[in-house]
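Presented below is the structure to which this report refers.
Bear in mind these aren't lab numbers, they're just calculated from the coordinates by the rules spelled out. What you are looking at is a predicted structure, and each value in this text was computed from that prediction instead of being measured. Note: ideal-geometry Cβ built from the backbone for every residue, glycine included; neighbour counts use all protein chains shown.
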Amino acid sequence: MGTRGLRVFCLSQGADPDSQDAAGNSVVMGAAFKGYLDIVRMLVEAGADVTHVNPKGQNAQDYAEMFGRHDAAAYHAGRLVTDADSSPHHLFKTIRAEIYLAHADHDEHMPPEMIDRVQKALDQTKTKHKAEIYKEARHGFTMSDLPAYNAEGEHRHWVTLFDLLERNL
């Protein structure tokens, strides 16, 4: 059956889509790392938490930096630019994966001047990248349980995420 077949079988039998391995990595992270886009889709359809951060604080962007062969997407990410040497925007130059960033146009955590600095940092890399601003969106626009929820933005985010995964996994 193999690992892929076993994962598909377990999910079809009602396995918890948010289960984690001993290191705290979610099933979504594992499937994405292996390139199992079909399983990632199944997990999303089953309601898996795709925003999971493991105990080390790692997420998709961190995986892209470490392994250099994955894509990274961030939706309504905040505070990507600080004045510190450890500011996340300085990491872009080390990433060899495709990067997609979706900014909300009404986001106190990512104001226009910060978006401009992120774009300049991206433009200084050799990495394939795209950053877009979602109009009439607020920080948290993809989360249906928040007041900032925006159905159009959520739909668009799934389309862009799966497009990114299909190009790179």
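Details
- Straightening the chain between Arg117 and Val53 buys 20.5 nm, computed as 0.36 nm per residue apart minus the Cα-Cα spacing.
- Projected label distance in nm at Arg96 and Glu152, using a 7 Å step from Cα toward the beta-carbon: 4.0 nm
- Taking amide H as placed 1.01 Å from N in the peptide plane, the amide H of Ala74 sits under 5 Å from that of Tyr100, Leu101, Ala102, each at least 5 places away or on another chain.
- Taking Arg79, Arg117 and counting other C-beta atoms within 10 Å, the order from fewest to most: Arg79, Arg117
- Ordering Tyr75, Tyr36 by the number of other Cβ atoms within 10 Å of each residue's own Cβ, fewest first, gives Tyr36, Tyr75.
- The residues Met42, Met110, Met143, when put in order of fewest to most other Cβ atoms within 10 Å, stand as Met143, Met42, Met110.
- Only Lys, Arg (+1) and Asp, Glu (-1) charged, at Cβ; region 59-169 dipole about Cα centre in debye: 460 debye
- Placing R0 at 35 angstrom, the Cβ-Cβ distance between Glu108 and Lys128 gives a FRET efficiency of 0.75 after rounding to 0.05.
- All other residues whose Cβ lies under 13 angstrom from that of Val118 are scored, Lys and Arg at +1 and Asp and Glu at -1, for a net of 0.
- Extension gain, Val159 back to Ser19 (0.36 nm per residue minus Cα-Cα distance, nm): 47.9 nm
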